[in-house]
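The values are calculated or read from the model by the stated rules, or taken from the named source; none is laboratory data. This one's a predicted model, so the numbers in the text were calculated from it and none came from an experiment. Here Cβ is always computed from backbone atoms with ideal geometry, including for glycine, and neighbour counts include all displayed protein chains.
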Amino acid sequence: MHWNFSMLTLRMRVRTVTTFFSAFEDDKMLGFLCYGETPLTEGVYDLYWVAVDPKIHGKGVGKELLSCLEGLLITKGARVLLVETSSRSIYEKARIFYEHNGFTEEARVHDFYSVGDDKIIYRKVLKKD
């Protein structure tokens, strides 16, 4: 499959306090993310999900979705983007993705999901260019 970012169409749909971004090539969804403003904060947002078709992992779709989100959030005056994930090995690729995209581990709640399964909270400071 060959594509470039000029062929992607980003669509945004708002549902209550959660917003979805989707990346499409023609009519095929390549991936999506969803986020929302963190209640009772000033300029802090939560990234709830990033999902990309496994057949095209590593091709930049997730990175582009995240970049579009960060640009939008900066225009809204956002300061920080947070994301939570599990310490289980099946989430290792997600943790690597976050780390490669500028997130740092901010906190860890041991045995949160179950014994031996920590909640890891990643943080990224958003900066205006």
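Numbers below:
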item: Contacts under 6 angstrom Cβ, first residue in the stretch 105-128 being more than 22 Å from Ala78 (Cβ to Cβ) and surrounded by 14 or more Cβ atoms within 10 Å (Cβ to Cβ), partner β-branched (Val, Ile, Thr) and at pLDDT 95 or above, 6 or more apart; result: Lys119/Val109
item: Condition met for Ile56 (modelled with pLDDT under 95, farther than 13 Å from Leu126 by Cα and β-branched (Val, Ile, Thr)); result: yes
item: Options Asp46, Asp26: the member that is acidic (Asp, Glu) and touching a Gly at 6+ places or on another chain (Cβ under 6 Å); result: Asp46
item: Some residue of the stretch 61-68 being outside any helix (DSSP H, G or I) and closer than 21 Å to Leu126 by Cβ; result: no
item: Unmet requirement for Phe20, which otherwise passes all of (1) assigned to a strand (DSSP E or B); (2) modelled with pLDDT of 90 or more; result: (2)
item: Residue satisfying all of: in the stretch 75-129; among the hydrophobic types (A, V, I, L, M, F, W, C) and assigned to a loop (DSSP other than H, G, I, E, B); nearest to Gly62 (Cα to Cα) among these; result: Phe103
item: Residue match in the stretch 46-54 (condition: in a strand (DSSP E or B), in contact with a Leu (Cβ under 6 Å, 6 or more places away or on another chain), of a type in the set (Gly, Ala, Ser) and on the phi < 0 side of the Ramachandran plot); result: no
